1. At 1.4 Å probe size, with the rest of the protein present, what percent of the exposed accessible area of the chain is carbon and sulfur atoms?
2. Let me check I've understood the local charge: for Ile37, count other residues with C-beta under 10 angstrom from its C-beta, Lys and Arg +1, Asp and Glu -1. What total comes out?
3. Beta carbons within 10 angstrom, averaged per residue: use that to sort the peptides 100-106, 11-17, 80-86, highest first.
4. Kindly identify the chain as rounded, prolate or oblate by the Cα gyration tensor criterion: order the square roots of the eigenvalues as a ≥ b ≥ c, call it rounded if a/c is under 1.5, otherwise compare a/b with b/c, prolate if a/b is larger, else oblate.
5. I'd like the FRET efficiency for Glu146 and Asn3, computed as 1/(1 + (r/R0)^6) with the beta carbon distance as r and R0 of 35 Å, rounded to 0.05.
6. Between Glu83 and Glu136, with labels modelled 7 Å along Cα→Cβ, what's the label distance in nm to one decimal, could you check?
7. In deg cm²/dmol and to the nearest 500, what is the mean residue ellipticity at 222 nm of the chain if only DSSP H runs of at least 4 residues count, each as -39500 (n - 2.57), divided by the residue total?
8. Could you pull out every residue, at least 5 positions away or on a different chain, whose amide H is within less than 5 Å of the one on Cys110? Hs are placed 1.01 Å off N in the peptide plane, and Pro or chain starts have none.
Amino acid sequence: MSNFKVLMVCLGNICRSPLAEGIFAHKVGERSLEEQIAVDSCGTGSWHIGNPPHIESQKIAKKNGIDISSQSARQLRKQDGKEFHLLVAMDSTNKKDIISLCGDSASVVCLREYDSERDSLDVPDPYYGGPDGFIEVFNIIDRSCEALLRDIQNTYLKQ
Ligand code: 4NP
């Protein structure tokens, strides 16, 4: 299959899903898979439409060699459920909200289904905490995206 489209989804599209988009795109680039896999992100909420990622998300990404500064927040649309092959929710509430807007036919998973070290299905929301929360979130998203990309390569790109 060519151009498998992945959509990372959180609540505000300023903390977690911009990191997931940037980290996943970086891994896709490392494997030269840009022609086969595309990634975008959005939020279920509307508060931050048009805003850049949270400064702490930008900082932790940059520290790890990933530039997410040019991203701009957008809200989830009903048609995203049809346009994207996989919608990846950062937590269970995001998953529920995606299904209520996009319907049961959308292909929706929680990112931490791919986290072998998970103690919860939710990527914790770092919005109300300090910088350390963003470091933890980066590490969770990084190892989950690694496994997600492997799964997409093995499951979908070989069809
Ligand atoms: P995110 O974090 O869903 O990871 O982008 C949040 C950002 C903003 C808000 C909540 C969560 N907010 O309520 O504005």
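1. Values: 3660 of 7860 Å².
Percent of accessible area from carbon and sulfur atoms in the chain: 47.
2. Numbers: positive: Lys5, Lys27, Arg31; negative: Glu34, Glu35.
Result for the neighbourhood of Ile37: +1.
3. Working: 100-106: 13.6, 11-17: 27.3, 80-86: 17.9.
Ranked by mean Cβ neighbours within 10 Å, highest first: 11-17, 80-86, 100-106.
4. Details: a/c = 1.39, a/b = 1.15, b/c = 1.21.
It comes out rounded by the Cα gyration axes.
5. Details: r = 21 Å, r/R0 = 0.60.
For R0 = 35 Å, the calculated efficiency reads 0.95.
6. 3.4 nm
7. Values: 5 runs with 64 residues, N = 159.
Calculated mean residue ellipticity at 222 nm is -12500 deg cm²/dmol.
8. Result for Cys110 returns Ala89.
The values are calculated or read from the model by the stated rules, or taken from the named source; none is laboratory data. The structure presented is a predicted model; accordingly, all values stated were derived computationally and were not measured. So basically every Cβ, Gly included, is an ideal-geometry build from the backbone, and we count neighbours across all protein chains shown. With ligands, DNA and RNA removed, areas are computed over all heavy atoms of the protein, side chains included. Shrake-Rupley method; radii C 1.70, N 1.55, O 1.52, S 1.80 Å.
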